[in-house]
Amino acid sequence: MSELPGIGVGRGVASGPVLRMADPLGEPATTPLDGPADSAKTAVHDALAAVADDLTKRGALAGGDAQAVLEAQALMAQDPTLIDDVHARIDGGTNPERAVHEAFAAFQEILAGMGGYMGERAADLGDVAQRIIAKLRGVPAPGVPESATPFILVARDLAPADTALLDLEKVLALVTSDGGPTSHTAILARAKGITAIVGVDGAADLADGDEVIVDAVAGTVTTDPSASQVDEAKARVAERAAALSAPVTPGALADGTAVPLLANLGSPADAAGAVELGAEGVGLFRTEFLFLDSPSAPTVESQKASYVALLQAFPGKKVVVRALDAGADKPLPFLTDKGEENPALGRRGLRALRHHEEILRDQLTALAEADAETEADLWVMAPMVADAEETAYFVGLARELGIRTAGVMAEIPSLALLADQVFAEADFVSIGTNDLTQYTLAADRLLGTVGSYQDPWHPAVLRLIAQLGSAGASVSKGVGICGEAAADPLLAVVLVGLGATTLSMTPAALADVRAELGKYTIDQAREMATAALAATTARSAKAAAAAVHVA
Ligand code: PEP
Ligand code: MG
């Protein structure tokens, strides 16, 4: 038995066998054919047959639409024109892997040129070629592995296209060697409610079939577990399933202290699902997601329609909308400066909006008009705000344009350090722990190599949050949390202990956080916060907070 540490996502635990996701294959070398052409052709023939057979079998297992797609791929692998082309290239002195690559690429180009249905099949052809080359090399085919039985998926990282293919009935948990808590994999795992551990150093040594326990709470992957450890993990899986199916109640601590649980949304279409999972309102509506593909700034009318749809889903409830956060990982063509070398440190968020004040004015106008026509309690906040002067600018403009409640996000450490000055201007502050962590630890939130720094449990981040919490409490103003940290149940308790008054998260995390909050009183939450603040590392802060409750 050994334990591999990583960064746990969510509250889940899972046990089962490992299946690895193979890394993408490099393009075959152009080295000339080495050996007789006939044996090369036989190797290709065997690889083609094995791939066709494999695809047909997987199709039969999958059934439905997937079967039709996989059978069509099996036919491609045996297409006589393609095989002739591969043979001709081998006869011309090309090595077999390269011959398959070139012949399939040529055919792919023809299909892509046809457009329509045939054009869409071009990508499938590329996938078949990768499988054949993998067979020739004797390595696993790239992509998410197929299995008839549930497994724990181990990968370097997942691309968005891989995650779209995940069968949630089969994938018990995800383990990745790259990535931090705000990496694409972690955000997706949280949104889909998949148990995950990211940034696991030893993940590369896990092999297909290894039995492991993935414990997202402890942030560990246990290899070669004992029977009693497996039994304990299974009992926890059952206990959690019961907690997740518990009735949806308002967020509260064990002593009744209310902690409203809100949703992070990127589209009005997600509102109904959030309400169903018990969201008591919206703590972060990311408006930039509505306009990622717009070449020009949206009109007041077009924006207003989206805001009305959102607000109508939450009558009488608080809805916090964020002004466009353009730049860095979310560039908007009409708002973002091109060619910045360090866009995360560039003119993003409020800086870009202030530079294009007409866009900010239109957005605030659209929001005020939508508010006037609906029953929700609209709050509006600005992203990427540095100090009280910028806060005063945004709040002043918002009020001038008819917004009743205006605040700012705490994402830059300077804002937290000046919390008392900021609260003199703002109606509320909402802490974006993703960016606050990125800027406090000077670690790009999208860069896997520094993923271990991107941990909101770090005492430096917690101390900034504590400063915001006490400044907010001293003037009785709201201190929300809307970064991924609020979705980590144990950290959520600590955040309340540090002074957070509301927690906003991806709706899939609401049930876990609700269940965890209910285990502690406000005094216990404060004790846990004090213990975490005194720690020297993220890991020890988490351990210290967890130990308070056990004691
Ligand atoms: C954050 O930075 O924590 C946040 C909530 O904003 P985003 O993730 O959209 O940058
Ligand atoms: Mg942010």
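The values are calculated or read from the model by the stated rules, or taken from the named source; none is laboratory data. Keep in mind that what you see is a predicted model, and the values were worked out from it rather than measured. Positions of Cβ are generated from backbone atoms using ideal geometry, with glycine treated the same way; all protein chains shown enter the neighbour counts. These accessible areas exclude ligands, DNA and RNA; they are computed on the full protein's heavy atoms, side chains included. Shrake-Rupley method; radii C 1.70, N 1.55, O 1.52, S 1.80 Å.
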Contacts under 9 angstrom Cβ, first residue in region 428-442 being more than 16 Å from Leu498 (Cα to Cα), partner near ligand 2 (Cβ under 8 Å from one of its atoms) and hydrophobic (A, V, I, L, M, F, W, C), 6 or more apart:
Asp435/Met384; Asp435/Met409
Is it the case that Leu70 is touching a residue at least 40 places away in the same chain (Cβ under 8 Å) and among the aliphatic types (A, V, I, L, M)?
no
Quick check, is Ala40 over 27 Å from the mean Cα position of the chain (by Cα), open to solvent by less than 20 Å² (accessible area, probe 1.4 Å) and without any contact (Cβ under 8 Å) to a residue 60 or more places away in the chain?
yes
Out of the residues in region 237-248 that are open to solvent by 70 Å² or more (accessible area, probe 1.4 Å) and under 18 Å from Pro507 (Cβ atoms), which is modelled with the lowest pLDDT?
Leu244
Among the residues of region 172-182, is any modelled with pLDDT of 85 or more, small (Gly, Ala, Ser) and open to solvent by 50 Å² or more (accessible area, probe 1.4 Å)?
no
Being within 14 Å of ligand 1 (Cβ to nearest atom), open to solvent by 10 Å² or more (accessible area, probe 1.4 Å) and out of contact with any strand residue (DSSP E or B) (no Cβ under 6 Å at 6 or more places or on another chain) narrows it down to one of Thr440, Thr365, so name that one.
Thr440
Residue under question is Asp84, and the condition is that it be open to solvent by 60 Å² or more (accessible area, probe 1.4 Å), among the charged types (D, E, K, R) and farther than 30 Å from Thr176 by Cα; does it hold?
yes
Filter region 301-329 down to residues that are assigned to a strand (DSSP E or B) and in contact with a strand residue (DSSP E or B) (Cβ under 8 Å, 6 or more places away or on another chain), then give me how many there are.
5
Name every residue in region 456-489 that is more than 22 Å from Thr405 (Cα to Cα), touching a Phe, Trp or Tyr at 6+ places or on another chain (Cβ under 9 Å) and outside any loop (DSSP other than H, G, I, E, B), in order of residue number.
Ala485
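Inside region 398-417, can you point out the residues that are within 16 Å of ligand 1 (Cβ to nearest atom) and among the hydroxyl-bearing types (Ser, Thr, Tyr)?
Scanning region 398-417 gives a single hit, Ser414.
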Only one of (1) open to solvent by 10 Å² or more (accessible area, probe 1.4 Å); (2) within 14 Å of ligand 2 (Cβ to nearest atom) is not met by Ser430, so which one is it?
(1)
